[in-house]
Amino acid sequence: MDARAFLGLVQQSETTFSLSVIPQLTTSGGFLFGGAGLGAGIAALETVSQRRCTWATAQYLSYAKRDEHVQIDVTVAVSGSSVTQARAVCRVDDREVLTVNAALGDRDFAASGQFVTMPAVVSPSESRPRTLRAAHANSIMEALDMRIAKGRDLDELDGTPGDGQTIMWVRIKSLVDGIDAAALGILGDFVPMAAGQALGLRAGGNSLDNTIRFAHLVPTDWVMLDIQIESVQRGFAHGTIQMFAEDGTLLATASQSCIARKWKN
């Protein structure tokens, strides 16, 4: 299974796609997980443009609830010799849920380099599984294997602030065809969880946006999420994520803002 199959993305026409909001794509609140929406938009944009995504940004406008059907319409604004600029608008009936803008393409350039280093932490097999809340049952969290390399368990969130850094190994359990841009879009939506870790509170949030920038995609089973919360102010949390393959290759970076909320249970 690849990320497109995991998402259940169906192509309806040359530029139109759809997906059903099934439990494995939802949050504990029963609506479409932000990363799943971004991942679906990326997959649709790559299919239409026939080019690899360079960066994509999603603005989350409304909620797609469980059992609703999302239509994704792709518009190519500019298609140059090496770069396509396009957007994917996701709707439930007449309600716009999220918009994904992206640039896609590859260019010949002689020089390349990686200038950040993966943190030295224990391997996925040595990291402890993330403890899920009861509210996470029947949600996307059950479709993910998450291991905490740096962070606190639920019973350790005692209100004491941390340093803002959470490091977690993640993989999509049913994904067997490798990590692609859509899969990284799904996995790059954990700033809300890390906000609770930074504050030392049983808290998370609702995503307002997510921007992902792709570096070098290589085969990997696990993806390391090195999450840094920079600020929680005025009821909003802001953070960044660096995503690494197991061999230390930087796959992508992401930045995100969310509405900070304490968990009800």
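The values are calculated or read from the model by the stated rules, or taken from the named source; none is laboratory data. Just so we're clear, the structure is a prediction, and the values are computed from it rather than from any experiment. Here the Cβ positions follow ideal geometry from the backbone for every residue, glycine too, while neighbour counts run over all protein chains shown.
Looking at (1) surrounded by 12 or more Cβ atoms within 10 Å (Cβ to Cβ); (2) outside any helix (DSSP H, G or I); (3) at negative phi, which is the one condition that is false for ALA120? With respect to (1) surrounded by 12 or more Cβ atoms within 10 Å (Cβ to Cβ); (2) outside any helix (DSSP H, G or I); (3) at negative phi, ALA120 is out only on (1). The listed residues are LEU61, LEU98, LEU45, and the only one of them that is hydrophobic (A, V, I, L, M, F, W, C), within 19 Å of SER20 (Cα to Cα) and without any contact (Cβ under 8 Å) to a residue 40 or more places away in the chain turns out to be LEU61.
With the structure loaded, tell me whether ASP163 is assigned to a loop (DSSP other than H, G, I, E, B), touching a residue at least 40 places away in the same chain (Cβ under 8 Å) and of a type in the set (D, E, K, R) or whether it fails that test.
No: the conditions fail for ASP163.
Within segment 37-65, the set of residues being outside any loop (DSSP other than H, G, I, E, B) and more than 26 Å from VAL83 (Cβ to Cβ) comprises LYS65 only. Only a single criterion out of (1) in contact (Cβ under 8 Å) with a residue 12 or more places away in the chain; (2) more than 20 Å from the chain's Cα centre (by Cα); (3) part of a loop (DSSP other than H, G, I, E, B) is not satisfied by THR84, namely (3).
Screening SER62 with (1) closer than 19 Å to PRO192 by Cβ; (2) surrounded by 15 or more Cβ atoms within 10 Å (Cβ to Cβ) gives one miss only, at (2). One residue is enough: does segment 233-252 have a residue meeting the conditions modelled with pLDDT under 95 and over 15 Å from the mean Cα position of the chain (by Cα)? No, segment 233-252 contains no residue that is modelled with pLDDT under 95 and over 15 Å from the mean Cα position of the chain (by Cα).
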